[in-house]
1. Given the conditions (1) small (Gly, Ala, Ser); (2) in contact (Cβ under 8 Å) with a residue 12 or more places away in the chain; (3) out of contact with any strand residue (DSSP E or B) (no Cβ under 8 Å at 6 or more places or on another chain); (4) open to solvent by 10 Å² or more (accessible area, probe 1.4 Å), report the number of the one that SER349 does not fulfil.
2. Among LYS329, LYS260, which is the only one that is without any contact (Cβ under 8 Å) to a residue 40 or more places away in the chain, surrounded by fewer than 22 Cβ atoms within 10 Å (Cβ to Cβ) and in contact with a helix residue (DSSP H, G or I) (Cβ under 9 Å, 6 or more places away or on another chain)?
3. Return yes when ALA229 is open to solvent by 30 Å² or more (accessible area, probe 1.4 Å) and closer than 30 Å to ALA164 by Cβ and no when it is not.
4. Within the range 581-592, identify whether any single residue is within 23 Å of the chain's Cα centre (by Cα) and open to solvent by 10 Å² or more (accessible area, probe 1.4 Å), and answer yes or no.
5. Go through the range 525-566 and count every residue that is in contact with a Pro (Cβ under 9 Å, 6 or more places away or on another chain), of a type in the set (Phe, Trp, Tyr) and over 30 Å from VAL708 (Cβ atoms).
6. Could you run through the range 596-627 and say how many residues are among the small types (Gly, Ala, Ser), open to solvent by 30 Å² or more (accessible area, probe 1.4 Å) and either without any contact (Cβ under 8 Å) to a residue 24 or more places away in the chain or touching a Ser or Thr at 6+ places or on another chain (Cβ under 9 Å) (or both)?
7. If you check VAL111, VAL82, which single one turns out to be in contact with a Phe, Trp or Tyr (Cβ under 7 Å, 6 or more places away or on another chain), at pLDDT 80 or above and not basic (Lys, Arg)?
8. Kindly indicate whether any position in the range 527-542 is in a loop (DSSP other than H, G, I, E, B), at pLDDT 95 or above and out of contact with any helix residue (DSSP H, G or I) (no Cβ under 7 Å at 6 or more places or on another chain).
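The values are calculated or read from the model by the stated rules, or taken from the named source; none is laboratory data. Values in this document were obtained by computation on a predicted structure and should not be read as measured data. Quick reminder, even Gly has a Cβ in these numbers, built from the backbone with ideal geometry, and neighbours come from all protein chains shown. With ligands, DNA and RNA removed, areas are computed over all heavy atoms of the protein, side chains included. Shrake-Rupley method; radii C 1.70, N 1.55, O 1.52, S 1.80 Å.
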Amino acid sequence: MAASGDRSIIVQGVVPPREVLLEFIADNPDRATKREIAKAFGLKGESRVELKDVLRDLEDEGLLQKSRKALTRPGALPPMTVLDITTRDKDGDLIGRPAEWMEDQGVAPAVLIRQSSDSRSKSKAPAAGLGDRVLAKIFPNKDRSGPAYTARVVKVIDKHRNAALGVIRLMPEGGARLLPIDRRGEEMQIAAADLGEAKDGDLIEADVLRGNRFGLTRAKVLSVVGSVASEKAISMIAIYSHGIPHIFPKSVMDEAEDAKPASMVKREDWRDLPLVTIDPADAKDHDDAVYAEPDSSPDNEGGVIVTVAIADVSYYVRTGSQLDREALKRGNSVYFPDRVVPMLPERISNNLCSLREGEDRPALAVRMVFSREGRKASHTFHRIMMKSAAKLSYQQAQAAIDGKPDDKSGPLLEPILKPLWNAYAIMKRGRDRRQPLELDMPERKIVLKADGTVDKVIIPERLDAHKLIEEMMIQANVAAAETLEKKRQPLVYRVHDAPTLAKQEVLREFLATLGISMAKGGQMRSNSFNGILAKAEDTPHQVMVNEMVLRSQSQAVYSPENIGHFGLNLMKYAHFTSPIRRYADLIVHRALVGSLGLGEGGITPEEEGQLDDIAAEISTFERRAMAAERDTINRLIAHHLAERVGQEFKGRVSGVTKAGLFVTLPTYGADGFVPISTLGNDYFHYDESRQALIGEKTGLGYQLGDAVDVKLAEAIPLAGALRFEMLSEGQKMGAATRSFHKAGRRGRQAPRKPGTRPPRRGR
C-alpha cells in the first residue's frame, strides 16, 4: 500500500525510504508529526524507534527542520501560518504571503487562498478579502503552474490591511504625492479631490486605488494620523504600518469600567505577608511581587522559601469576553520609547490588577522551596489576596543592599531585602550548575527630550536586582509548567529549539577562521556555546563571536507541544509571570486556576481546543511587536542624525552580505549600510565562512566585528535608513575561501565608475 499516492509501493510496518518520507512530509504538512507519520506507515515498536533515528538524520543533514511540533522541509511554511492577503491572480483568486518572513530566506512564497463555495459545508471557511490578515491552514499546491501553496482560512485576524501609510507632500500643480515610510515602499499620487483634510507634512493612511498601466499608482486619503513633526509621529508610523491595534473599542472600555474589585471567595488571606514589587522606576503596572525567608524545616537546613505573587488577571479577563477578544487580538503590550500600547485597558492593567503598594489586590502565588545547593525541592500554588508592602525601583533596592538605603528602603533592608538577596545567592548556585546561554549583548535605551526627539542613547547598568527578579520569575515559570504537566493540563509552553545543523555549520566555519574550535555533530547544549564565548572573552573577536552565536540560535515561540527551552537549558518552561502584558501568561493562569480548582476564571474546553491557533497567533504578534519597536528606534535615530550628514563616526561591522556591509554606531545603537560598490576600486568577494568581504586584487577586506570609521552619506528619517561611506582601509585577509570560488562569480561587484552616484538604499 502506498502511504502517499501511487508513486511507490510501501510495505506497511516497515520504515519507508528517505525520499518517500520527504515526499510524504512535503505533501502532508498537516500530518507531519512523528506520531502521524508512524500512523500513516503503520509503524509500531522498534519501527517507531527506527523512524525517529531516520528523521533525526534528515534533520542533521538539513533536509528537515522542526516548526513548532511538526516537521517541514527547509524554507517551507508551517501547517498553520498567518498570511497577509495582498493581491489577486488573473482568475480573481486571492493571493496571500506570510505575515512574517526573514529577508535572508529570499522572496516570501505566494499562497492561493481557497474559499469554500458550498454553503452546506459545516467547515465553511470565514470570508476573507483583499488586505485582510488571516490565520490559515497550509497545503502544498498540486498544480505546479500556480503558487507553491494553497490555504484554507481558519480565522480572519484583521480586516482590510490594503492601506498604505505615508507623508503628504503637496504639489504646485495641484494634488499631492504620498512619500512612503517603508524602505521598499513606492511613491504614489493623490488627486486634489482625494486629499480630504490632509495638509502638507501630514502622516496619513491611504487607500491604494487601481493604478494606470503607466505612471505612479493612485491613492486616496483614508485618515489623517497627524503631523509628521508631532511628538509621537514616529511610533505612530510603526503602529499603523505593522497593523498594531491601539484604540480600545467602546465595548471593551465599558467592560473594563464595569469590572469590580475581586472578593475573598476561594482566596487565602496573605495580606500580612510583606511582599514587595521591584520594577523600573517609571513602571505604571506591577504584575509581580516577591518575598523570601529561610526555611525553618530541619530537613532543609540552609534552604530558603521564595514566594512569587503574580497579578490575578484571569479573574477579570474571562474567556470569550470583550476584554479577552481584544487581548488576544493584541497578543502583548508593545513598548516604544515615547509610549506603551497596552494589551489591556488602564482600568485593568494599571488599577485593578496592578499590585499597588498598600492596596488589597488578588494574585496567583507560588511558594517554592530551595535547598542550600539551589535545587528546587517543592512548590505549591495559591490563589490569594495580598497587599504590597512597598514599591521599589531596581536602583533603589540595589542601593540599599550596597549600603546606601533611603528613607523608604532603609526599614526594609533587614526584614525583606537581605533575605531576598540571600535567596538569590542560593538560587544562583542552581543557575550556575544549569548553565543557560550567557550572551554578552548589552541593550540600549533611548532617552527622549520633552519634544519627543532623541536626547541620548544609554546602556542601563545590569544590576544584581535585575538578575534576582529575573531568576525568581524563571523559577516561577518552571513551576507553572511542571504543575500543569503533572495535572495533564493542556497549556501554551514557551519553547526554544536548539540551533539547526545548518546554522551550527555556518558558526563552526566562522569560528575556524578565528582559531576557535567547535565540536561537530552530536547534540549541542547551551553550555557548549558558553565555552565558545569564554574562549573569545577579552579578545578583539569578543563582540563578533557573541553576535554570531546569537545569530545561530533559533527563535523562541509559543507552542502547546513542549520541546524545552534551549537557551535557558530547561525541559519545562511556560510564561506565567506577566499576564498584564502577555496573553500567553493569561492562558497559563487560566490553566492553573482550572486544573487546581482555584475558583472562577479557569480555562475552558473550547479554549483548550484552540491552543494550536492561539500559540501561532501570539507568536506572530510577538514578532510584530519586536519589528515595530525596532523600526521606531531606527527612525528616531535617523531623525536624530539627519542634520549630521557628512560627519564621521566610529562604528563596527555588524553584518556582511553580498550587497555590502551593515555598520553599527555603538554610541547610538543604529545600523547603516555601506554598499559594496562604494568600497573601492577592487572586486569584492563575499566569504560566508569568514563573514567578510575580501578584495580580489589586494586581499584587503572587512569582517564581522571590525572597528571602522565611516562618514554619514545619507539619512532617510521616514524609512529609518542610514547610508555610510567607508573611510577605513580593509585589513589584510588573503584570498577568499574555496567555498566562494566554487560558486563562480556571484557576489562580485564591479568598482563604481568615477563620477557616478552610489545606489540609494530604500528608494
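1. Failed condition: (4).
2. Only one candidate passes the filter, namely LYS260.
3. When the stated conditions are applied, ALA229 passes them.
4. yes
5. Number satisfying all stated conditions: 1.
6. First, pick out the residues of the range 596-627 that are among the small types (Gly, Ala, Ser): 597, 599, 601-602, 609, 615-616, 619, 625, 627.
Next, only the ones that are open to solvent by 30 Å² or more (accessible area, probe 1.4 Å) stay: 597, 599, 609.
Going one step further and asking which of them are either without any contact (Cβ under 8 Å) to a residue 24 or more places away in the chain or touching a Ser or Thr at 6+ places or on another chain (Cβ under 9 Å) (or both), we end up with 597, 609.
Of the residues in that region, 2 qualify.
7. Details: VAL82 fails: in contact with a Phe, Trp or Tyr (Cβ under 7 Å, 6 or more places away or on another chain).
Within the list VAL111, VAL82, the selection yields VAL111.
8. First, pick out the residues of the range 527-542 that are in a loop (DSSP other than H, G, I, E, B): 537-541.
Adding the requirement that they be at pLDDT 95 or above leaves none.
Checking the range 527-542: not a single residue is in a loop (DSSP other than H, G, I, E, B), at pLDDT 95 or above and out of contact with any helix residue (DSSP H, G or I) (no Cβ under 7 Å at 6 or more places or on another chain).
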